[in-house]
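Colleague: Mind having a look at this structure? Questions to follow.
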Amino acid sequence: MSLSAVLLAAGPSPSPSETPSVTVPTLQDAQESATNAASWIEQNWSTWLAIGLRVLLILVIAAVLRVAVRRAITKLIDRMNRTVQAVDGTALGGLLVNAERRRQRSQAIGSVLRSVASFLILGTAALMVLATFDINLAPLLASAGVAGVAIGFGARNLVTDFLSGVFMILEDQYGVGDTIDAGVASGEVIEVGLRVTKLRGDNGEIWYVRNGEVKRIGNLSQGWATAGVDVTVKASEDLDRLKATLDEVAEKMAKEEPWNELLWSPVEVLGLDSVLLDSMVVRVSARTMPGKSVAVERELRWRIKRAFDAADIRIVGGATAPVDEDAAPDPSAAVAAPSAHANSTSPQAQAATPLVPPPSTSK
């Protein structure tokens, strides 16, 4: 196909008269546009200025209020810490106040209060700014409500842990240094958080316990503890001599350091806890400083054992009967057990008889 045929198939070329014309704005049109813009600005500048001043006023008030509230919360927390430090060096402070525990508790409370205050103030300011621009907030609030419900269902465990941690701290259920039994784990509290509590177990392990999983808490470090020791002796021991020995041990222990500070009440002999055929159990109890009951119990056992040895009072086991040296020997003890070889005609004796090889026949 030749080049002319291709051009004829493509169609006739447009003539210069058919070219679209481009309108060029004139100076008069530009002047009219500028005049219209200036008149529109002149009519609405007051509204813009009012809206801008209102937004600026809202932001300034929100910022000042947020700073004031956060500073007030910080001063309140600092005052709480100063109160703790004031009694920390005294004897009462050593028994009732744990500076690290109160410091972490006050910091956690202050952090929660500051976060809540900032969220409320800034959220309210944002809504007021949007309302200033005549924006309909109903769809926005509805969407936020639906999103909040969805997030609440999806992160309900996280919300439960956070709320449980907040109430645990506000109610001062436990703190750093306390020994607690949380059901799922037990040990000494080394850190209290809004979501997780760290415990140091008896073997040195660290337990991370979610606050929402704790259904009940046993605090072994609040108030006072009880040290109880059970002493099992022979039923034939003199009760008056036994009680006098225990009273002497208790009186001597209460006068020595450091037990005079750990014991918050005199060591009492409560009496017989149980009486068996060959033994009896005497109960000794004392009220001690929280968390020191085990140490007091060990010291009591040590002193009671030494005092009983000096007074020739025998301590026996509760489950095993003591051996009576004065009792007559059992006559059946020297009798040997029956043997199958005692009767040579018994089937057992015949079965145990070695086989005799047959005599060999020689030719």
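The values are calculated or read from the model by the stated rules, or taken from the named source; none is laboratory data. Please read all numbers here as calculations on a predicted model, not as lab measurements. Cβ coordinates were reconstructed from backbone atoms using ideal geometry, including for glycine residues, and neighbour counts include every protein chain displayed. All accessible areas refer to the heavy atoms of the entire protein, side chains included, with ligands and DNA or RNA removed. Shrake-Rupley method; radii C 1.70, N 1.55, O 1.52, S 1.80 Å.
Colleague: Go through (1) open to solvent by less than 100 Å² (accessible area, probe 1.4 Å); (2) aliphatic (A, V, I, L, M); (3) at pLDDT 55 or above; (4) over 20 Å from residue 117 (Cα atoms) one by one and return the number of the condition residue 9 breaks.
Modeller: (3)
Colleague: Any chance you could count how many residues in segment 188-226 are of a type in the set (Lys, Arg) and within 9 Å of the chain's Cα centre (by Cα)?
Modeller: 3
Colleague: Next up: Determine, yes or no, whether residue 262 is open to solvent by 50 Å² or more (accessible area, probe 1.4 Å), more than 17 Å from residue 313 (Cα to Cα), at pLDDT below 85 and aliphatic (A, V, I, L, M).
Modeller: No, not satisfied.
Colleague: So which pairs qualify, if the first residue must be in segment 226-249 and farther than 11 Å from residue 308 by Cα, the second must be assigned to a helix (DSSP H, G or I) and open to solvent by 50 Å² or more (accessible area, probe 1.4 Å), the Cβ gap must be under 9 Å, and the two must be at least 6 apart or on different chains?
Modeller: 227/294; 229/301
Colleague: Next question. Residue check: is residue 192 within 28 Å of residue 70 (Cα to Cα) and either at pLDDT 80 or above or among the small types (Gly, Ala, Ser) (or both)?
Modeller: So residue 192 fits the description; yes.
Colleague: Please determine, by comparing only the residues of segment 266-281 that are in contact (Cβ under 8 Å) with a residue 24 or more places away in the chain and within 38 Å of the chain's Cα centre (by Cα), which one is most open to solvent (accessible area, probe 1.4 Å).
Modeller: 273
Colleague: Looking at segment 242-263, is at least one residue over 12 Å from the mean Cα position of the chain (by Cα), more than 24 Å from residue 102 (Cβ to Cβ) and of a type in the set (Phe, Trp, Tyr)?
Modeller: Yes: segment 242-263 contains one or more residues that are over 12 Å from the mean Cα position of the chain (by Cα), more than 24 Å from residue 102 (Cβ to Cβ) and of a type in the set (Phe, Trp, Tyr).
Colleague: Give me the pairs, please: first residue somewhere in segment 41-60 and within 11 Å of residue 125 (Cα to Cα), second residue anywhere and open to solvent by 80 Å² or more (accessible area, probe 1.4 Å) and at pLDDT 85 or above, beta-carbon distance under 8 Å, and either six or more positions apart or on two chains.
Modeller: Close Cβ pairs (under 8 Å, with a partner that is open to solvent by 80 Å² or more (accessible area, probe 1.4 Å) and at pLDDT 85 or above) amount to 58/128.
Yes or no, residue by residue, for (1) surrounded by fewer than 12 Cβ atoms within 10 Å (Cβ to Cβ); (2) small (Gly, Ala, Ser); (3) at pLDDT below 85; (4) within 30 Å of residue 294 (Cα to Cα):
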position: 142; (1), (2), (3), (4): yes, yes, yes, no
position: 160; (1), (2), (3), (4): no, no, yes, no
position: 169; (1), (2), (3), (4): no, no, yes, yes
position: 174; (1), (2), (3), (4): no, no, yes, yes
position: 184; (1), (2), (3), (4): no, no, yes, yes
position: 199; (1), (2), (3), (4): no, no, no, yes
position: 210; (1), (2), (3), (4): no, no, no, yes
position: 219; (1), (2), (3), (4): no, no, yes, yes
